[in-house]
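Just below is one structure, and these are the notes that go with it.
Read-outs: derived from the displayed coordinates by stated rules, not from any lab. Source: prediction; values computed, not measured. We place every Cβ from the backbone using ideal geometry, glycine too, and count neighbours over all the protein chains shown.
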Amino acid sequence: MNERLQNTLLIFGLIIGVFLAANSIVQESNLIEDDWVANVGGVQISKEKYYSQLEGLARDKKNPITERDKNYVLERMIEEELLIIRAKELGLFENNQIVRGSIIQQMIKLIISENYLESVEEETLRKFYEQNIGFFSSASRLRLQQIYFSNLSGDSKERSDEAFEYLKEGASYDEVSKMADQSALTIPNSMMNLSKVREYIGPTLMNLARRLEPGEFSVPMEVAGGHKIIYLFDKELSEPEEFDSIQPKILKEYQRRRDDNSLREYLEDLKGWYEIKRIKEL
């Protein structure tokens, strides 16, 4: 078997079994001998995992589990561990985007899975709908710009606060925007519906912008890499869709934002668990 075929089979096996074995590759177990059924290269397969696999097989079988079934399950679990160990030796976790992507997606699913253990109450959805009424006003349109201050050009909080004071004193958008940094994302100078506005500045700033009147501006808001001031030039608002007519849409958006928040909180926790060193200049 040539090396290319070996790698292809290895990747295929990993993607099928990657999360079944993921917990055991993160750390070597300290289980005592009575608690595991096999030791593969220093990684122990616990009885708990083994019996869990057997239970899954039993649910799919009409007949009772046989000794052959038990041996089959154990051998498959051993083979999965061997594939994982070999993949680590070949650097696939670090270098193969297919494997890395599969693991990342499985981790994300695991992180947000607890969100779906309980149903979302209608009262919670109605409150969410009222707090984000602009998002559900599909015919509403805004024309706005952002005044962006990057941390790479100095203290973005201090500079954005200074710009905000100038605006309060009557300075025009054109005058204050000259103090700002160039954003990687240019907002069109035209009327946009709220869904399009959200694509450019996100749901939080979109809801902030829709509450402004033409000629008004937001307080400096912290964003990734710096601070932003939103300046509203014009708006057209229509009546939002009724709650009862779009409840499934509201639920979907509520779940999406909830999952985003759960993932973000988990990632922030991870950053506190591990030492991270960043170079000062990119």
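The table below lists the values:
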{"read-out": "Residue-span extension gain [residue 38 to residue 263] - 0.36 nm each, minus C-alpha spacing", "value": "77.6 nm"}
{"read-out": "Using alpha-carbon coordinates, inclination of helix 156-168 to the longest axis of the chain, degrees", "value": "30"}
{"read-out": "5 angstrom amide H check on residue 181, placed H, neighbours 5+ away", "value": "148, 149, 150"}
{"read-out": "Intensity falloff of the stretch 147-282 expressed as log10 I(q)/I(0), Debye formula with alpha-carbon point scatterers, at q = 0.12 Å⁻¹", "value": "-0.64"}
{"read-out": "Exceeding the 29 Å Cα-Cα cut-off - candidates 49/109; 196/252; 168/252; 196/228", "value": "168/252"}
{"read-out": "Formal net charge of residues neighbouring residue 121 (Cβ-Cβ distance under 14 Å; K, R +1; D, E -1)", "value": "0"}
{"read-out": "Distance in nm between pseudo-label sites at residue 122 and residue 66 (7 Å out along the Cβ direction from Cα)", "value": "5.4"}
{"read-out": "Global geometry of the chain, whether rounded, prolate or oblate, following the gyration tensor of its Cα atoms and the 1.5 cut on a/c", "value": "prolate"}
{"read-out": "Other-chain or far-sequence residues with amide H under 5 Å of residue 233's (modelled H)", "value": "143, 144, 145, 215"}
{"read-out": "Relative contact order %, the stretch 137-236, counting alpha carbon pairs below 8 Å whose residues are six or more apart", "value": "46"}
{"read-out": "Residue among 69, 60, 174 with the largest mean-square fluctuation in a Gaussian network model of the chain, springs linking Cα atoms under 10 Å", "value": "60"}
{"read-out": "For the stretch 91-108, 3J(HN,Hα) per residue [Karplus equation, 6.51 cos²θ - 1.76 cosθ + 1.60, θ = phi - 60°, Hz, x = Gly/Pro]", "value": "x, 5, 5, 8, 10, 9, 5, 5, 5, 4, x, 5, 5, 4, 5, 5, 5, 4"}
{"read-out": "Local net charge near residue 192, Cβ-Cβ under 11 Å (Lys/Arg +1, Asp/Glu -1)", "value": "+2"}
{"read-out": "Degrees separating the helix 67-90 axis from the principal Cα axis of the chain, which is the longest one", "value": "50"}
{"read-out": "Dipole in debye (nearest 20) - the stretch 73-205, about Cα centre, beta carbon charges: Lys, Arg +1; Asp, Glu -1", "value": "520"}
{"read-out": "Computed magnitude of the charge dipole of the stretch 137-236 (debye, nearest 20; Cβ of K, R +1, Cβ of D, E -1)", "value": "520"}
{"read-out": "Rounded to whole Hz, the Karplus (6.51, -1.76, 1.60) HN-Hα couplings of the stretch 249-263, x for glycine and proline", "value": "5, 5, 4, 4, 5, 4, 5, 4, 5, 4, 5, 4, 5, 4, 5"}
{"read-out": "Using alpha-carbon coordinates, inclination of helix 122-131 to the longest axis of the chain, degrees", "value": "40"}
{"read-out": "Around residue 142: net Lys/Arg minus Asp/Glu count, Cβ-Cβ under 13 Å", "value": "+2"}
{"read-out": "Debye log10 I(q)/I(0) for the stretch 61-198, one point scatterer per Cα, at q = 0.10, 0.12, 0.17, 0.18 Å⁻¹", "value": "-0.78, -0.92, -1.10, -1.12"}
{"read-out": "Top positive-direction residue, dipole computed over the chain with Cβ charges, set 263, 107, 160", "value": "107"}
{"read-out": "DSSP-assigned coil residues among trypsin sites (Lys or Arg not before Pro) in the stretch 217-282, each with at most 10 further Cβ atoms within 10 Å", "value": "277, 278, 280"}
{"read-out": "For the chain, size of Cβ-based charge dipole, Lys and Arg +1, Asp and Glu -1, in debye", "value": "760"}
{"read-out": "Within a Gaussian network of the chain (alpha carbon springs, distance under 10 Å), most fluctuating of 232, 83, 54", "value": "54"}
